[in-house]
Amino acid sequence: MNRRLLIWLAAFVLAVSVWPNYASANHGGPHEEDDAIALAENSRSAVLIDADTGTVIYEKQSHEQLPPASITKIMTMLLTMEAVDKGTLKLSDKVTASEYASSMGGSQIFLEPGEVMTVDELLKGVAMASGNDASVALAEKIAGSEKAFVKLMNERAKQLGMKDTHFANCNGLPVENHYTSAHDIAIMSRELLKHEGITKYTGAYQDYLRQGTEKPFWLVNTNKLVRFYSGADGLKTGYTSEAKFCLAATAKRDGLRLIAVVLGEPNTKTRNSEVSAMFDYAFSQYTLHPIYQAGETIGKVKVQKGMNAQIDLTAARPLNVLVKKGAPAESITHKLVAPEKLAAPIKAGQSIGKLVVYQDGKILTEFDLTAPADIGKAGWWTLFKRTAAHLFFVD
C-alpha cells in the first residue's frame, strides 16, 4: 500500500470518528458555536441555557472539570428543598449547631456551638451569605453527618446525569477530589429552580438573622446581580484562590428563564459583566414557542383489556421550545409518536410515547409522554359490559 493511500485512509478514519461527536453536540436546539459569538471571554468555562427546556444556547469548555467553590451549595440547597417537599424536613424545624459546623472557616454566619436556628434561617445563611457553617448544619440535620450528606449529594448528581462531578464536602471549601463542570452546575441549577420557593432566598438582596438579639447579623447577598440586573433572582456565587470567581446565575423576563454559569473569572466585576452580557444576548435573541399548555390533550392510546379503555396523553406541564425571535410560526411543527394500543396493566409514569417537535423539518426537541395513572386489568364482567355497549348502543 503506497504512502498517499495510507494518508487518505487515516484522514477518512479521523473524519468518521469526529463527525458523530460533532453532530451529537449540536443536536436538539439553537446551540451556538463557541466562536460564533463573543461571550464569557475571560472565563475558563461557561454555559448558557434555557431553564424551561434545558436547551444549550451557548457553551465554552462546559465539560471541563473544575473546582466550583461555593457553587457547591446549589446541591446542598437542592437536597434541603427536596427534603422539605418530601415532608422529612420543615422550614420551621430547629437545628442545633455542632462544634464541627461552627468550626468552618471562610464565608460564614458565625454559628456558635449549640446555637439554634430554623431551617428557614439557615437557608438564608447559605443562599445569601454563602455560610459554610450553615451548610454543614443543614447537612448534619438532613443526613446525620456531613459525610453521609456528601454521599447523598453524589448519588443525586448521578441521578441527574452529572457525569463531570464529584463532591467531597457540602460547602465548596478547598479539598482534594472535589470538582464539577459548568454543564453539571447548569443541570443542578435547573433542578433547584423547579422548587419555586428557592428564589425567596436566592433572590433577596438583604435580610437579617438573630433579629431581636444582642448580635443581629445583617445578610447581604453575595450575588449583586439580584439587585442590579432586571429579572435576576439567584442563584449562587463562589470564590477560592484555586477556583477564582464563579457564578451560577438565573434571570427571568417575559416568561423566559435563563441559567448562566461562569467558572474561573478573574474578578467580580468581570464575572458580573460577562454574565449580564450572556443574559442580554439570550433575552434579545430568543423566545419560548408554546406547543401545548399544561392539561391539554395531545393524543389517545387504546388499552386492551384494561379497566380504562384508553389513555389520554396530556401535557403534565407547559411544553415549549426555544426558538430565535422572528422565526415563522409555521416553521415549528410537531408529531405524536405512540403505539395505537397497549395491553393492560399499565403503571403510572410508564413511558407511552413521545412528542417530537421540528423546525423546518429538522428535529428540535422531544418530550417523553407517560401514563398519568395506573390502569389495571379489567375483569370479565367489565369487558362484557364494554362489548355489549359497543354492540347495542353505538349509532
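The values are calculated or read from the model by the stated rules, or taken from the named source; none is laboratory data. Note that the structure is a prediction, hence the values are computed from the model and not measured. Cβ: placed from backbone, ideal geometry, glycine included. Neighbour counts: every protein chain shown. Heads up: the accessible areas ignore ligands, DNA and RNA and are worked out on the full protein's heavy atoms, side chains in. Shrake-Rupley method; radii C 1.70, N 1.55, O 1.52, S 1.80 Å.
Brief remarks follow.
- In order along segment 103-116, phi translates into HN-Hα couplings of 8, 5, x, x, 5, 7, 9, 6, 5, 8, x, x, 5, 10 Hz, rounded to whole numbers, per the Karplus curve 6.51 cos²θ - 1.76 cosθ + 1.60 with θ = phi - 60° and x for Gly and Pro.
- In Hz, Karplus ³J(HN,Hα) per residue of segment 170-187 (6.51, -1.76, 1.60; θ = phi - 60°; x = Gly, Pro): 9, 10, x, 4, x, 7, 5, 6, 10, 7, 7, 9, 4, 4, 5, 5, 4, 4
- Residue ranges 67-76, 359-368 sort as 67-76, 359-368 when ordered by packing (mean number of other C-beta atoms within 10 Å per residue, highest first).
- The phi torsions of segment 264-279, fed into the Karplus equation with coefficients 6.51, -1.76 and 1.60 and a -60° offset, translate into couplings of x, 6, x, 6, 5, 4, 5, 4, 5, 5, 6, 5, 4, 5, 4, 4 Hz, rounded to whole numbers, with Gly and Pro shown as x.
- Highest-first packing order for the peptide set 191-198, 235-242 is 235-242, 191-198, based on the mean count of other beta carbon atoms within 10 Å.
- Nonlocal amide H pairs with residue 291, under 5 Å, H built at 1.01 Å: 319, 320, 321
- Accessible area of residue 331 in the full protein assembly, 1.4 Å probe (Å², nearest 10): 10 Å²
- Centre-to-centre, using Cα atoms only, segment 118-138 and segment 45-117 are separated by 9 Å.
- Among 309, 101, 260: highest mean-square fluctuation, GNM of the chain, C-alpha pairs under 10 Å: 309
- Comparing 271, 210, 190 in a Gaussian network model of the chain (Cα springs below 10 Å), the most mobile by mean-square fluctuation is 210.
- Taking each DSSP H run with n ≥ 4 as -39500 (n - 2.57) and averaging over every residue of the chain yields -10000 deg cm²/dmol at 222 nm.
- Heavy-atom accessible area with a 1.4 Å probe sorts 164, 374, largest first, into 374, 164.
- Using the average count of surrounding beta-carbon atoms within 10 Å as a protection proxy, the listed peptides 216-226, 335-345 rank, highest first, as 216-226, 335-345.
- Residue 53 accessible area, assembled protein chains, probe 1.4 Å, Å²: 30 Å²
- Counting Cα-Cα pairs of the chain in 10 Å increments starting at 0 gives whole-percent bin shares of 5, 19, 25, 22, 15, 9, 4, 1, 0.
- For the set 44, 257, the ranking by accessible area, highest first and with no ligand, DNA or RNA atoms included, is 44, 257 under a 1.4 Å probe.
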